[in-house]
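Written out below as structure tokens is the structure these notes cover.
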Amino acid sequence: MGTKAFWLATTAAVLIVFAASRLVTNDYVFFAGYVVLQYVVLATAWNILGGYAGYINFGTSGFVGIGAYSTVVLHKLVGPPIPVLILVGGIVSGAIGLGMGYLTLRLRGVYFGIATLAMAIVVQTLVTNWDFVGGSRGVYIIRPAHVPFIGGYIQYLFLVMLVLAAVAVAAARTIERSVFGFGLAAIRDDEQAAEVSGVPTLRLKLIAISVSCGLMGMAGAPLPYYVTYLDPASAFNLGYTANTIAMPLIGGTASWVGPVIGAIGLATIQQVSTVTISSALNLLIVGVLLLICVVVAPNGIVGLVRGKRRRAGRGG
Amino acid sequence: MADDLLSVDKLGKRFGGFVALDGIDLTVRAGERLGLIGPNGSGKSTLVNCLSGTLRNDSGTVRFDGNLLNGLAAHRRTRLGLARSFQLPKPFRSLTVVENLRVPLYYSVNARPGAPHLAEAAVGERCRELLRLVGLEAKADRQPQDLTQIEMRKLELARALAAEPKLLIADEAMAGLSNSEVDNILALLMRLGDRGIAVILIEHIMRAVISFSQRLVVLVAGRKIADGDPHAVVRDPEVVRAYLGE
Ligand SMILES: Nc1ncnc2c1ncn2[C@@H]1O[C@H](COP(=O)(O)OP(=O)(O)OP(=O)(O)O)[C@@H](O)[C@H]1O
Ligand SMILES: [Mg+2]
């Protein structure tokens, strides 16, 4: 897809989803749609570090929680509008991601993963013991019932997440095709060879982790307004971590399309099963799909489709 | 000396208690063709790693083109003009052959302060030139996994050359190649010398090293035991006993 076509398609997708949502009267659709879009942002953000640079981050729940709690703090102090909260949440978690990266990105493989998981647990513990934001009891957020021109608040949150998803996907695609993206691919393939080819590997990894964690924090920032009651156990839920790793792996990590397909597919299945069966099945679904994926499509759905096409092309 | 491109002074490297390099002194002049030989495990690749910044040396100094390299990250050394190939080729596996060459062009050639920036078209042209130089034009859009072992070595060399080095260190670029292929690569490396690029060639194939080198250095067990005219060095009794005689 050319760049012009991509922007047209993205804008069209946002407008169509928005227009379609005007026809929907059932609020549940917006509650579910918000979650799906939030996972588009998270999976896309995760893939910038995990897919492009090959560093597996097990700390998604930490960055969602940081974004959410930076909103709680600001809400108590000033109460700015959602876009400001998203921006601040992004900056705070991006900065914490950068700090974490500085300490851990010299570690490879398993060690980096363990460090990110430990970070998420440490931050959760700190927040749980911080009375100002409600501690372990949690905190209630009172949100307005309506937003001018848009309607109910949940419609507004849905729209905000829709725009954020478009921004995240556009960012990922831009990175993928840039010189920066080339550098990340070189790092993923062979870090020593990348260095001796002139790639400043540490600097590139730090930029990637800042962008990735920043977007995760942005996805988490509206969460207190979405749930209206937030406690550390739900803000730092490890389900975010599991889902966010599974989605790009199922969709395919090589390009921006994979996380989008994985997130929409998996999150939709989870939302449907939550209504029709039980939310207890959500992690089981992730596990089973991941297993199938490892066996049938090690390069994700995108890899499977590309492989089929290539083979068809060679045959004909 | 002032006109030395590379000068290594008392370089040392240990792995735990094992001394891999012990007080290595070495100089290379601009455009010089230097051969480096030694038995397996004598520390040749370790020396390359310490020069290119892949490993940190424990003692001694490395100067290159007027810069002190100690503590400098590998990517900075490459940008200064010191490029190397790996003994076991390390291609970027998810990139095509031609894209492999783009990485040093973007990050080394285009990252040099003060040097003219290559536009996209010039980068493409440069890639084609390099592929032609090593004879890989036909494989430009293939993945490294589709290459033979020999083609992989050529890619490794081409990628090092793409960084526009003043000094190229080729770590056993010819292992496993047939006679004509060895001649092929040798001719290529010779042409680099004509362009003023210095080359350190690490090689076990004596015929190749002797015909290539203007000067020959011998490492044994982490120490330099000989350094001089290739024909004199190979007749040196100590070299014969420690390396050639085995
Ligand atoms: N990272 C490392 N950790 C520990 N020991 C190492 C390491 N790298 C090399 N060595 C040891 O240092 C010695 C020198 O190895 P090096 O690879 O430099 O030899 P070489 O001269 O290149 O040999 P070859 O001709 O087989 O390539 C060997 O004994 C090797 O086992
Ligand atoms: Mg070696």
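The values are calculated or read from the model by the stated rules, or taken from the named source; none is laboratory data. This is a predicted model, so every value here is computed, not measured. So basically every Cβ, Gly included, is an ideal-geometry build from the backbone, and we count neighbours across all protein chains shown. Calculation scope for accessible area: heavy atoms of the full protein, side chains included, ligands and nucleic acids excluded. Shrake-Rupley method; radii C 1.70, N 1.55, O 1.52, S 1.80 Å.
Taking the Cβ of A:Tyr55 as the centre, find all other residues whose Cβ is under 9 Å away and add up their charges (Lys, Arg: +1; Asp, Glu: -1).
So the environment of A:Tyr55 carries a net charge of +3.
Given B:Gly66, B:Val28, B:Asn49, which one lies farthest toward the positive end of the charge dipole of region B:1-70, if we put +1 on the Cβ of every Lys and Arg and -1 on the Cβ of every Asp and Glu?
It is B:Asn49.
So the label point goes 7 Å from the Cα of A:Gln192 along Cα→C-beta, right? Which residues of region B:76-120 then have their backbone N under 13 Å from it?
Label zone hits: B:84-91.
Rounded to the nearest 500, what is the 222 nm mean residue ellipticity of chain A from helices alone, with -39500 (n - 2.57) per DSSP H run of 4+ residues and division by all residues?
Rounded to the nearest 500, the figure is -25000 deg cm²/dmol.
Quick one: P(r) of region B:91-163 from all Cα-Cα pairs, 10 Å bins, percents rounded to integers, in order of increasing distance.
All Cα pairs considered, the percentages come to 22, 55, 20, 3.
Computed over the Cα atoms of region A:3-237, what is the ratio Rg over Rh, Rh following Kirkwood?
That ratio is 1.00, to two decimals.
Could you compute the net charge surrounding B:Asp58? Neighbours are other residues with a C-beta less than 12 Å from the C-beta of B:Asp58; K and R count +1, D and E count -1.
So the environment of B:Asp58 carries a net charge of +3.
Quick one: accessible surface of B:Glu125, probe radius 1.4 Å, all protein chains present, in square angstrom to the nearest 10.
Accessible surface of B:Glu125 is approximately 80 Å².
Give the total of Lys-Lys pairs in the protein assembly as shown with Cα-Cα distances below 12 Å; include a pair only if its members are 8 or more places apart or on different chains.
Summing the qualifying lysine pairs gives 5.
At a probe radius of 1.4 Å, figure out the A/B buried accessible area, summed over both chains, and give it in Å² to the nearest 100.
1800 Å²
So what's the angle, to the nearest 10 degrees on a 0 to 90 scale, between helix B:97-107 and the longest Cα principal axis of chain B?
80 degrees
Which percent of the accessible heavy-atom area of the protein assembly as shown goes to carbon and sulfur, probe 1.4 angstrom?
63 percent
In whole angstrom, note down how far apart the Cα centers of region B:39-57 and region A:234-308 are.
So the two Cα centres are separated by 44 Å.
How much FRET efficiency would the formula 1/(1 + (r/R0)^6) give for A:Thr125 and A:Ala95, where r is the Cβ-Cβ distance and R0 is 22 Å, rounded to 0.05?
So, using R0 = 22 Å, E works out to roughly 0.65.
Could you derive backbone 3J(HN,Hα) for region A:76-81 from the dihedral phi with the Karplus parameters 6.51, -1.76 and 1.60 (θ = phi - 60°), listing whole Hz in sequence and x where the residue is Gly or Pro?
Per residue, the Karplus-derived 3J(HN,Hα) values read 6, 7, 10, x, x, x Hz.
Over chain B, calculate the relative contact order: mean separation of alpha carbon pairs under 8 Å at least 6 apart, over the residue count, as a percent.
27 percent
For region A:123-132, what does the Karplus curve 6.51 cos²θ - 1.76 cosθ + 1.60, with θ = phi - 60°, yield as ³J(HN,Hα) per residue in whole Hz, taken in order and with x for Gly and Pro?
5, 4, 4, 4, 5, 4, 9, 9, 5, 3
Could you compute the FRET efficiency for A:Val272 and B:Ala140, with r as their C-beta to C-beta distance and R0 at 51 Å, rounded to 0.05?
The pair A:Val272/B:Ala140 has a calculated efficiency of 0.65.
Amide H to amide H under 5 Å from A:Tyr55: which residues, 5+ apart in sequence or cross-chain, H placed 1.01 Å off N in plane?
A:Gly50
Per residue, how much accessible surface does region B:91-163 expose to a 1.4 Å probe? Answer in Å², no decimals.
Spelled out: the 1.4 Å probe surface of region B:91-163, per residue, equals 43 Å².
Can you give me the P(r) profile for chain B? Cα pairs, bins 10 angstrom wide beginning at 0, each as a whole percent.
The distribution over chain B is 7, 31, 37, 20, 4, 0, given as percents.
Mind listing the phi-derived Karplus ³J(HN,Hα) values for region B:225-241, rounded to whole Hz, using 6.51, -1.76 and 1.60 with θ = phi - 60°, and x for any glycine or proline?
10, 7, 7, x, 4, x, 5, 6, 4, 6, 9, 4, x, 5, 5, 4, 5
Just subtract the alpha-carbon distance of A:Thr10 and A:Ser136 from 0.36 nm times their residue separation and send over the number in nm, one decimal.
In short, 41.3 nm is gained.
Helix B:179-194 sits at what angle to the longest principal axis of chain B, using alpha carbons and giving 0 to 90 degrees rounded to 10?
On a 0 to 90 degree scale, this one is about 90.
Over the Cα atoms of region B:116-221, each weighted equally, I'd like the Debye log10 I(q)/I(0) at q = 0.13 Å⁻¹, rounded to two decimals.
-0.51
Report, to two decimal places, the Cα Rg of region B:50-98 normalised by 2.2 N^0.38 Å (N = number of residues).
Taking the Cα Rg and dividing by 2.2 N^0.38 Å, one obtains 1.34.
Once ligands and nucleic acids are excluded and a 1.4 Å probe is used, how much of B:Met206 is accessible, expressed in Å² to the nearest 10?
The value for B:Met206 is about 50 Å².
How big is the protein assembly as shown by Rg and Dmax over its Cα atoms, in Å?
Spelled out, the Cα radius of gyration and Dmax of the protein assembly as shown are 28.3, 94 Å.
Go ahead and estimate [θ] at 222 nm for chain B from helices alone: -39,500 (n - 2.57) per DSSP H run with n ≥ 4, summed, over the residue count, rounded to 500.
Taking each H run of at least 4 residues, the total per residue is -10000 deg cm²/dmol.
If you take the beta carbon distance between A:Val288 and B:Ala122 as r and set R0 to 51 Å, what does 1/(1 + (r/R0)^6) give as a FRET efficiency, to the nearest 0.05?
For A:Val288 and B:Ala122, the calculated efficiency is 0.50.
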